[in-house]
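Asks: This is the structure I have questions about; it appears just below.
The values are calculated or read from the model by the stated rules, or taken from the named source; none is laboratory data. These figures come from a predicted structure and were not determined experimentally. Positions of Cβ are generated from backbone atoms using ideal geometry, with glycine treated the same way; all protein chains shown enter the neighbour counts. When the accessible area is computed, the model is the full protein with side chains, heavy atoms only, and any ligands, DNA or RNA have been set aside. Shrake-Rupley method; radii C 1.70, N 1.55, O 1.52, S 1.80 Å.
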Amino acid sequence: MENNSKKVKYDGKPLEYDFDGIKELNNPIPPWLVYLWYISLIFSAMYFVYYHIYKLGDLQDAEYERQMAKAVTSVQKHHEESGQLNMVILAGDEDMADGEAIYKEKLCATCHGALGEGNAIGPNLTDNYWIHGTGDVASVFDVIKNGVPTKGMTPFKDQLSDEKILQVSSYILQKLQGTNPPNAKEPQGVLVE
Ligand code: HEC
């Protein structure tokens, strides 16, 4: 009987056997790599138990949500301290009614249509196409406040307080956006999805 348990020497030399003339070199995995592998096995087992079995830590999504919530609170706090308005869409019935009244009284309707459908002067405010910004409340607010005088959009900063501009911005985003009024003007600007 041949002795197969002969201790193999890891020396990078060809091993004794060959197969169709192919020889295998004796190149063992270096010990540090083997230990790294053991460590990563142990780490992944601990990770699995911690995050997936006992659910002790936040996974990516939860951590993202938590950090965003924290950021929103700190932005709000900063705005309160500096007396700035929070750029959040208002949704209350009163704000919607005020927004609609402003839309009518300030002649927005003259240039943008009673239903926001747009006309020969102003763009459609009901579609998802925006010339300025991406349909977020801050860009809408900014256009209304500062206007686009060269293009015929009146700046309203001298006529409306920031709060009123936010109300009419919210009215556009909550009540006009997404409606499909008759005689809607063709899209202008960039589609925001
Ligand atoms: C004298 C006409 C006129 C009046 C009045 C007017 N707008 Fe405009 N508005 C325009 C024009 C023209 C544009 C397009 C500007 C451009 O092409 O850059 C515009 C653009 C806008 C935009 C940006 C649309 C986009 O696609 O980016 C918003 C929002 C807007 N107006 C809201 C209002 C609101 C709210 C009022 C009333 C408080 C109002 N506008 C009053 C003519 C008017």
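Table: residues versus (1) part of a helix (DSSP H, G or I); (2) surrounded by 11 or more Cβ atoms within 10 Å (Cβ to Cβ).
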{"residue": "ALA62", "(1), (2)": "yes, yes"}
{"residue": "LYS70", "(1), (2)": "yes, no"}
{"residue": "GLU81", "(1), (2)": "yes, no"}
{"residue": "MET87", "(1), (2)": "no, yes"}
{"residue": "GLU94", "(1), (2)": "yes, no"}
{"residue": "ALA97", "(1), (2)": "yes, yes"}
{"residue": "LYS104", "(1), (2)": "yes, yes"}
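Asks: Out of curiosity, is GLU163 acidic (Asp, Glu) and either farther than 21 Å from GLN76 by Cα or modelled with pLDDT of 95 or more (or both)?
Replies: For GLU163, the condition - acidic (Asp, Glu) and either farther than 21 Å from GLN76 by Cα or modelled with pLDDT of 95 or more (or both) - is not met.
Asks: Restricting to segment 156-191, count the residues that are in a loop (DSSP other than H, G, I, E, B), more than 24 Å from the chain's Cα centre (by Cα) and surrounded by 16 or more Cβ atoms within 10 Å (Cβ to Cβ).
Replies: Of the residues in that region, 5 qualify.
Asks: Would you check which residues across segment 146-155 are on the phi > 0 side of the Ramachandran plot and either in a helix (DSSP H, G or I) or more than 6 Å from the ligand (Cβ to nearest atom) (or both) and list them?
Replies: Answer for segment 146-155, where residues must be on the phi > 0 side of the Ramachandran plot and either in a helix (DSSP H, G or I) or more than 6 Å from the ligand (Cβ to nearest atom) (or both): just GLY147.
Asks: Report every pair of residues separated by at least 6 positions or lying on different chains whose Cβ atoms are under 8 Å apart, first residue within segment 149-172 and under 23 Å from ASN119 (Cα atoms), second open to solvent by less than 10 Å² (accessible area, probe 1.4 Å) and more than 7 Å from the ligand (Cβ to nearest atom).
Replies: Qualifying pairs under 8 Å: PHE156/ILE165; GLN167/GLY99; VAL168/GLY99; SER169/GLY99; SER170/GLY99; TYR171/GLY99; ILE172/GLY99; ILE172/GLY116.
Asks: Would you please name the residue that is modelled with the lowest pLDDT, looking only at residues in segment 10-28 that are in a loop (DSSP other than H, G, I, E, B) and either exposed (fewer than 10 other Cβ atoms within 10 Å of the Cβ) or on the phi > 0 side of the Ramachandran plot (or both)?
Replies: This residue is GLY12.
Asks: Sticking with this one: Filter segment 118-145 down to residues that are part of a loop (DSSP other than H, G, I, E, B), open to solvent by 30 Å² or more (accessible area, probe 1.4 Å) and hydroxyl-bearing (Ser, Thr, Tyr), then give me how many there are.
Replies: 1
Asks: Taking THR134 as the residue in question, decide whether it is within 20 Å of PRO187 (Cα to Cα), among the polar types (S, T, N, Q), within 10 Å of the ligand (Cβ to nearest atom) and touching a residue at least 40 places away in the same chain (Cβ under 8 Å).
Replies: Considered against the rule, which asks whether it is within 20 Å of PRO187 (Cα to Cα), among the polar types (S, T, N, Q), within 10 Å of the ligand (Cβ to nearest atom) and touching a residue at least 40 places away in the same chain (Cβ under 8 Å), THR134 comes out as yes.
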